[in-house]
Amino acid sequence: MTATTLSALRYLTVPVTPFAQNCSIVWCERSRQAAIIDPGGDLPRIEAALRELAVTPTQIWLTHAHIDHAGGSTELSARLGLPIVGPHPGDQFWIDGLAEQGRMFGFARAEPFTPTRWLHDGDTVQVGDCELQVRHCPGHTPGHVVFHSPEARRAFVGDVLFAGSIGRTDFPGGNHAQLIASIRERLWPMGDDTVFIPGHGPESTFGEERRHNPFVRDGL
């Protein structure tokens, strides 16, 4: 795991859960305040990374409410006294079903929660001096959001887009046409040189995926 520096914003990606989900710790270099994006599980690993980085966690941010992204949110919130921010209200039914998701996929018990703050398209979130824009990108789930820092040229996109692939749309509430529209209308305008951190797998750029990702380029 290697921390990345971009202006005042820094981040570290910590793979968690048997699904190797990319939990990201993002923090402000000046204030050392941090947010944890998608703590799906393996909380001791996340807490160890926080201690090693010597940052102060202040919030949990969720892109969506699938178990591998949101499964550890309730426990981490209680243990560290953190508000849960996001996702969009369209994912309420996924939050309500977290315990069932956990049983289905063999995860540790996951408890439903009520976010401290729901997110909507055009909102912003802030950690220390760093502000990120929120874009609602439905398709993988109805309430999926992404977090974008224009200053740092980084976007945390959850399971909307991957290097060489796109998010699944065969789960309840998924919509393939909606997902493709979210990518083309919400992500591409962020700029070809924007690096994105997906929910699984390696980073890539929007330019690389716009040109070469067959699922988006060819409308598969």
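Nothing in this text is a laboratory measurement; each read-out follows from the coordinates by a stated rule. Only a predicted model underlies this, so the values are computations on that prediction, with no experimental measurement involved. Reconstructed Cβ throughout: ideal geometry from the backbone, glycine too, with neighbour counts over all protein chains shown.
Note on ASP218 and ALA108: their simple-model spin labels are 4.2 nm apart, each label 7 Å out from Cα toward Cβ.
Averaging the sequence gap over all C-alpha pairs within less than 8 Å and six or more residues apart, then dividing by the number of residues, gives the chain a relative contact order of 15 percent. Net charge in the neighbourhood of GLU185 (other residues with Cβ under 14 Å of its Cβ; Lys, Arg +1, Asp, Glu -1) is +3. Only sites in a loop by DSSP and with at most 16 other Cβ atoms within 10 Å count here; which trypsin sites (Lys or Arg not before Pro) in region 1-94 make the cut? Those that pass, being in a loop and sparsely packed, are ARG30, ARG32.
For the modelled label position 7 Å from the Cα of GLU100 along Cα-to-Cβ, which residues of region 138-176 have backbone nitrogen atoms closer than 16 Å? Counting only backbone N, you get 142, 171-174. Taking every Cα-Cα distance in region 132-220 and sorting them into 10 Å bins from zero, the calculated P(r) comes out as 19, 58, 22, 1 percent. The modelled label-to-label distance between GLN133 and GLU208, using points 7 Å beyond Cα along the C-beta direction, is 2.3 nm.
With q set to 0.15 Å⁻¹, the log10 of I(q)/I(0) for the chain, from the Debye formula over equal scatterers at the Cα positions, is -0.90. Note on GLU185 and ALA78: with the Förster distance fixed at 41 Å, the Cβ-Cβ geometry gives a FRET efficiency of about 0.65. Among the GluC sites (Glu not before Pro) found in region 88-168, those both in a DSSP coil and sparsely packed, with 14 or fewer other Cβ atoms within 10 Å of their Cβ, are GLU151.
For region 148-164, the Karplus equation 6.51 cos²θ - 1.76 cosθ + 1.60, evaluated at θ = phi - 60°, returns couplings of 10, 10, x, 4, 8, 6, 9, 9, 9, 10, x, 9, 6, 9, 10, 5, x Hz by residue, with Gly and Pro reported as x. For the options SER149, SER73, SER31, a Gaussian network treatment of the chain with springs between C-alpha atoms closer than 10 Å singles out SER31 as fluctuating the most.
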